[in-house]
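Data block below; observations after.
The values are calculated or read from the model by the stated rules, or taken from the named source; none is laboratory data. Since the structure is predicted, the reported quantities are computational estimates derived from the model, not experimental observations. Cβ sites come from the backbone with ideal geometry, for glycine too, and all protein chains shown count toward neighbours. Keep in mind that these areas ignore ligands, DNA and RNA; they rest on the heavy atoms of the full protein, side chains included. Shrake-Rupley method; radii C 1.70, N 1.55, O 1.52, S 1.80 Å.
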Amino acid sequence: MSDPKPEQVGPPIALLAGLSHRCPLRCGYCSNPLELTRASAELDTDDWCRVMREAGALGVLQVHFSGGEPTVRQDLEQLIACARDCDLYTNLITSGVLLDAPRIDALYRAGLDHVQLSVQGSEGKGADLIGGYVGGHAKKLEVARLVRDRGIMLTLNAVVHRRNLHQVDALFELALTLDAHRIEIASVQYNGWARRNLAALLPTQDQLEDLTKTLEAARIRLLGRLVIDFVPPDYYAARPKPCMNGWGRQFITINPAGLVLPCHSAETIPGMTFDSVLQSPLEDIWYRGEAFSRFRGTDWMQEPCRSCEFREQDFGGCRCQALAVSGDVTATDPVCEFSQDRAKIDALIAAAVAEPDAPYLYRGGT
């Protein structure tokens, strides 16, 4: 597949609306940019509602309200109502710690379809320590109950790493107790603040093998009761994952200031031009924007990707990871067994697991 012309590109299926970078938690695995958007620079209500209308007209099916913590926005109910007016399925990705019963009632009345609630562990003390927010875990359990009492669909999102992988079975039981429909066991992606915490968070090979066995057993045991999704850690893979199911193929991300991104970490790539919804229609950005066209198709690829039989399955892997490890944004994702830089990933793994007591740095800390 050569680089597709605009008329050959299909519409996106989902919009990740990053409403704010503000967040009361300080998770050391946060993949948001190190330089966060200030509240004064965030898109206002009218602009976000216009974006929803443009997204619906473009063919987007679902909108995921995220952050930071999206519930810091006092206009969240209005934004959800705007999305529903555009026939968009609405999903709130939240830590839950700022929610209470009246706010959940208001979000439900606005048309909220689904809540994706983050948990940092299966029990309070350890989870609060990871998130840097005392009492957060107990608040999350109460929010989950309130969400389900109103009949809103619930997914638990558990970001897993060296410090909580041993709790995965307990996380499945927690999901069942909370009447969640789905749980996502998501390995840390080492961008943003998470990259600074690589040594503190990267699991060992033994931990990963134990996790794989636990997941296989749970999927059999809980079939029909709980959907279990798993995002494996990139560094231990032989083949890279397709970034966002392929750059500019299915997903749009908009950051709090209104820049439109092919993935939430794309701003780490120097020399990229990101269009703003304040200056261009979303349709023009999706089909003709420089950032979205940059890594669509396969013409941009170097060898071994260009002639690889997997090039239209993994689409070269993650561009941000290639840049961070290889120093070249067009390089093969270095986790790939065919990459000339695979040894750099192996060295990062060896250095990380050699520091079992590496300090855990909170987001925004030192």
So, over other residues within a Cβ distance under 15 Å of Leu223, counting Lys, Arg +1 and Asp, Glu -1, the net charge is +2
On average over all directions, what projected area in square nanometres does the range 219-324 have, based on the convex hull of its Cα atoms?
9.4 nm²
Given a Förster distance of 30 Å, report the FRET efficiency between Glu209 and Glu303 from their Cβ-Cβ distance, rounded to the nearest 0.05.
0.40
To the nearest Å, what is the center-to-center distance of the range 337-357 and the range 239-312, using C-alpha atoms only?
27 Å
Convex hull (Cα only) mean projected area of the range 228-271, reported in nm² to one decimal
4.8 nm²
Given springs between every Cα pair under 10 Å in a Gaussian network model of the chain, which of Ile152, Ile183, Ile220 has the largest fluctuation?
Ile220
On the accessible surface of the chain, probed at 1.4 Å with all protein chains in place, carbon and sulfur together account for a percent value of 52 percent
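Antiparallel DSSP bridges in the chain: what percent, to the nearest 5?
10 percent
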Of Arg239, Arg225, Arg319, which is the most mobile in a GNM of the chain whose springs link Cα atoms less than 10 angstrom apart?
Arg225
As a check on your grasp of the helix formula, calculate [θ] at 222 nm for the chain: sum -39500 (n - 2.57) over DSSP H runs of n ≥ 4, divide by the residue count, round to the nearest 500.
-10000 deg cm²/dmol
Environment charge of Pro334, counting only residues whose C-beta is closer than 14 Å and scoring Lys/Arg +1, Asp/Glu -1:
-1
Residue-normalised accessible area of the range 1-120, given per residue in Å² at a 1.4 Å probe:
41 Å²
For the chain, take N as its residue count and report Rg(C-alpha) divided by 2.2 N^0.38 Å.
0.97
Of the residues Gly192, Gly59, Gly96, which exhibits the maximal mean-square fluctuation in a Gaussian network model of the chain defined by a 10 Å Cα contact cut-off?
Gly59
Neighbour net charge for Tyr236 - beta-carbon separation under 14 angstrom, K R +1, D E -1
-3
Accessible area per residue in Å² at 1.4 Å probe, computed on the range 194-307:
45 Å²
Within 10 Å, count the other beta carbons around each residue, average over each peptide in 293-303, 326-336, 130-140, and list them highest first.
326-336, 130-140, 293-303
